[in-house]
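The block underneath contains the structure these notes are about, expressed in structure tokens.
Just so you know, all these numbers are worked out from the coordinates, no wet-lab data involved. Quick caveat, the model's predicted, so the values are computed rather than measured. Backbone-built Cβ (ideal geometry, glycine too); neighbour counts: all protein chains shown.
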Amino acid sequence: MSYTIQEIKELRKRHNLTQNQLAKRASVSQSLIAKIESGRIDPTYSKVQKIFEALSSLENKNEVDISQIMNKKIIPALPKEDVHSVIKKMQKYEISQMPVLDGDKPIGLVTDTNLLKKIAEVDDPSKLSSIHIKEVMEDCPPIVTKNATLKVVQSLLLHYPVVLVTEAGQLIGLITKADILGKVYK
């Protein structure tokens, strides 16, 4: 994250630090912090860099690790699985969406909305057993690594119902809006 010298005071206060506490974290003097914040000094690059590194480390400490909020128990649908069995699976696990996996690779998403639309199109409910999920699924939701920030995940969830989380190319979890609301803002 990049900062300007004028933001130092605001950032320090946001983290509830005194000038002395920030000075200790940055290995500079408290009087230097005071002079920078009041605009009485034009500090050297190396001093400002130390202060910004200290502030950046505080920003990262406040960041929630998404691996702590993601659902690690993934209940997938398969492309050739029929609509009826996926509906039963959703009811059993009380979920409203499922990633569609081809092997261990995410290829789409099936939601209760997709299924309701398909049910409305079909005149005979018994036909649901002959319709494959690949005919109903939507595009794959966004995929992030476990190192992604909470802000990135939150911005993606404004546009998608779920975000998938991977590590070394393997799906290890998923995050929904409910996960963020329930675990981060409790």
Practice task
Could you let me know the centre-to-centre spacing of region 60-113 and region 1-41, using Cα atoms, in angstrom?
Solution key: 45
Problem - the chain: calculated mean residue ellipticity at 222 nm from DSSP helix runs of at least 4, using -39500 (n - 2.57) - result: -12000 deg cm²/dmol
Exercise for the section: Within 10 Å, count the other beta carbons around each residue, average over each peptide in 3-16, 99-112, and list them highest first. Expected result: 99-112, 3-16
Practice task
Consider the candidate values [x] 10.5; [y] 13.6; [z] 9.6; state which one is mean projected area of the Cα convex hull in nm² computed from the structure displayed.
Solution key: [y]
Problem - Relative contact order (%) - region 1-121, alpha-carbon pairs under 8 angstrom, separation at least six - result: 16
Practice task
Determine one quarter of the surface area of the Cα convex hull of region 124-186, which equals its mean projected area, and express it in nm² to one decimal.
Solution key: 6.2
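Write down the percent of antiparallel bridges among all DSSP beta bridges whose residues are both part of region 56-186, to the nearest 5. Before the final figure, lay out the partial values.
Values: 15 of 19 bridges.
Percent antiparallel among DSSP bridges in region 56-186 is about 80.
GluC sites (Glu not before Pro), restricted to region 113-186: which are DSSP loop and have at most 13 other Cβ atoms within 10 Å?
Numbers: sites: GLU121, GLU135, GLU138, GLU167; in loops: none.
Listed in order of number, the matching sites amount to none.
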Exercise for the section: Would you mind getting the Kirkwood hydrodynamic radius of region 1-110 from its Cα pairs, rounded to one decimal in Å? Expected result: 17.9
Practice task
For region 5-61, just the Cα set please: Rg and Dmax, both in angstrom.
Solution key: 10.0, 30
Fill in the blank from the handout: Going residue by residue through region 152-169, the Karplus relation 6.51 cos²θ - 1.76 cosθ + 1.60 with θ = phi - 60° gives ³J(HN,Hα) values, rounded to whole Hz and with x marking Gly or Pro, of 5, 4, 4, 5, 5, 5, 6, 10, 10, x, 8, 10, 8, 10, 10, 9, 6, x
Fill in the blank from the handout: The lysines whose Cα lies under 26 Å from the Cα of LYS72, excluding any fewer than 8 residues away in the same chain, are LYS61, LYS80, LYS88, LYS89, LYS92, LYS105, LYS134, LYS146, LYS151, LYS177, LYS183, LYS186
Handout entry: Sparse-neighbourhood loop sites, chymotrypsin sites (Phe, Trp or Tyr not before Pro) in region 32-111 - DSSP loop, at most 16 other Cβ within 10 angstrom
Key = none
